[in-house]
Amino acid sequence: MAAVLDSVRAFFAAAPAFVIDHETPADVVARETLLDRAMGADRRTKSSEKIRYGRVPAEGLALVARDRAGHVIGTIRLWNIEAGVTRDGHAIDALLLGPLAVDGAHEGKGIGSALMRAALLEARKRGHGAVLLVGDASYYERFGFSASKAQHLVMPGPFARDRFLGLELKAGWLEGAAGMIVATGRKLSQPRSIRAA
Ligand SMILES: CC(C)(COP(=O)(O)OP(=O)(O)OC[C@H]1O[C@@H](n2cnc3c(N)ncnc32)[C@H](O)[C@@H]1OP(=O)(O)O)[C@@H](O)C(=O)NCCC(=O)NCCS
């Protein structure tokens, strides 16, 4: 019996404390509960929410962190946007990142960084050129974000200029980008009851 317990302990000691995974429909309630706890009830009044409202996240860019039992302990999602236009009038496709949140009981274990790195890697693999977000520069600078990349762009609503940050995944992608961020992601399908009406 002691040998069996030892091997069970060894298995769990060797298993990673968390994994990054794609979000599934079964994760939605846990994700929303986590966000309410981490960001407070007023999270839905933010300008970023105007971009997200009624849309689905960019393909393959809704990720979660799971603990060993499979529970959601972190979340990150990215959204398709137009990041203004170039000087010659071409719309610039990009992504808006957020929200990013980690369960308070698991903060400081590298989960937020792992979610960021996995999401940025996936965005690069999928050919996206740039990512924008509104957040603490002191946290996001470590991933390469800077306010200078978003200096001529505006959110559709109030935002703090020094918290509006950009990262180019392809060099020069945001060069000359100016104007308002516009949501371009696929819309959520209408509820069944409305469709039937
Ligand atoms: C911000 C958040 C996602 C970080 O997740 P995490 O798993 O604790 O992050 P990591 O373990 O990868 O990194 C921890 C490091 O980030 C730092 N950090 C955390 N939040 C920060 C913030 N708002 N500003 C600056 N640094 C921050 C920590 O001090 C720590 O620094 P260290 O590595 O020098 O010790 C998490 O704290 C959270 O969910 N906060 C509430 C929701 C929120 O504010 N989200 C948006 C962030 S602007």
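The values are calculated or read from the model by the stated rules, or taken from the named source; none is laboratory data. Everything numeric in this text was worked out from a predicted model, so none of it was measured. Don't worry about glycine lacking a Cβ; one is built from the backbone with ideal geometry, like all the others, and counts go over all protein chains shown.
What are the pairs, 6+ residues apart or on separate chains, where a residue within the range 10-31 that is farther than 12 Å from D67 by Cβ has its Cβ under 7 Å from a residue that is at pLDDT 95 or above and of a type in the set (K, R)?
Taking only residues 6 or more apart or on different chains, the pairs are E23/R31.
Can you find a residue in the range 130-147 that is more than 26 Å from M39 (Cβ to Cβ) and within 18 Å of the chain's Cα centre (by Cα)?
Kept after step one, since they are more than 26 Å from M39 (Cβ to Cβ), are these residues of the range 130-147: none.
No, the range 130-147 contains no residue that is more than 26 Å from M39 (Cβ to Cβ) and within 18 Å of the chain's Cα centre (by Cα).
Of the conditions (1) acidic (D, E); (2) more than 16 Å from the ligand (Cβ to nearest atom); (3) at pLDDT 95 or above, D162 fails just one. Which one is it?
With respect to (1) acidic (D, E); (2) more than 16 Å from the ligand (Cβ to nearest atom); (3) at pLDDT 95 or above, D162 is out only on (2).
Taking R117 and the conditions (1) buried (at least 18 other Cβ atoms within 10 Å of the Cβ); (2) within 13 Å of the ligand (Cβ to nearest atom); (3) closer than 22 Å to E59 by Cβ, which numbered condition does it fall short on, given that it satisfies the others?
Every condition holds for R117 apart from (1).
Which of the residues spanning the range 138-153 are loosely packed, with under 15 Cβ neighbours inside 10 Å and either among the aliphatic types (A, V, I, L, M) or farther than 24 Å from I20 by Cβ (or both)?
S146, S148, Q151, H152
So, in the range 125-144, of the ones that are within 16 Å of A114 (Cα to Cα) and of a type outside the set (D, E, K, R), which residue ends up farthest from the ligand (Cβ to nearest atom)? Step through it out loud before you land on a result.
The initial filter retains those residues of the range 125-144 that are within 16 Å of A114 (Cα to Cα), namely 139-144.
Of the ones still in play, those that are also of a type outside the set (D, E, K, R) are 139-140, 143-144.
Numbers: Y139: 4, Y140: 7, F143: 10, G144: 15 Å.
Within the range 125-144, the match that is farthest from the ligand (Cβ to nearest atom) is G144.
For the range 67-79, which residues satisfy the criterion of being more than 12 Å from the ligand (Cβ to nearest atom) and aliphatic (A, V, I, L, M)?
A69, V72, L78
Kindly list, by first and then second residue, each pair from a residue in the range 51-64 that is under 14 Å from M116 (Cα atoms) to a residue that is among the aromatic types (F, W, Y) and not in a loop (DSSP other than H, G, I, E, B), limited to pairs with Cβ atoms under 9 Å and residues at least 6 apart or on different chains.
L61/W79
Does the range 47-66 hold any residues that are at pLDDT below 95 and within 11 Å of the ligand (Cβ to nearest atom), and which are they?
S48
When you look at L35, is it within 13 Å of the ligand (Cβ to nearest atom), touching a Leu at 6+ places or on another chain (Cβ under 6 Å) and either assigned to a helix (DSSP H, G or I) or not small (G, A, S) (or both), yes or no?
Working: within 13 Å of the ligand (Cβ to nearest atom): yes; touching a Leu at 6+ places or on another chain (Cβ under 6 Å): no; either assigned to a helix (DSSP H, G or I) or not small (G, A, S) (or both): yes.
For L35, the condition - within 13 Å of the ligand (Cβ to nearest atom), touching a Leu at 6+ places or on another chain (Cβ under 6 Å) and either assigned to a helix (DSSP H, G or I) or not small (G, A, S) (or both) - is not met.
Looking only at strands (runs of 3 or more DSSP E) that fall completely inside the range 103-186, which ones have 1 or more residues that are on the phi > 0 side of the Ramachandran plot and in contact with a strand residue (DSSP E or B) (Cβ under 6 Å, 6 or more places away or on another chain)?
Numbers: elements: 130-134, 164-168, 178-183.
Of the strands (runs of 3 or more DSSP E) lying wholly inside the range 103-186, those with at least 1 residues that are on the phi > 0 side of the Ramachandran plot and in contact with a strand residue (DSSP E or B) (Cβ under 6 Å, 6 or more places away or on another chain) span 178-183.
Do any residues in the range 105-126 that are over 17 Å from W79 (Cβ atoms) have Cβ atoms under 9 Å from those of residues that are part of a loop (DSSP other than H, G, I, E, B), where the two are at least six apart or on different chains, and which pairs are they?
So the pair list comes out as H106/A17; K109/A17; I111/A17; I111/D103; K125/G60.
Take the residues of the range 80-113 that are within 7 Å of the ligand (Cβ to nearest atom) and of a type in the set (A, V, I, L, M): which is nearest to G127 (Cα to Cα)?
It comes out as L100.
Determine whether K125 is among the basic types (K, R), under 25 Å from G185 (Cα atoms) and surrounded by fewer than 17 Cβ atoms within 10 Å (Cβ to Cβ).
Values: among the basic types (K, R): yes; under 25 Å from G185 (Cα atoms): yes; surrounded by fewer than 17 Cβ atoms within 10 Å (Cβ to Cβ): yes.
Yes: the conditions hold for K125.
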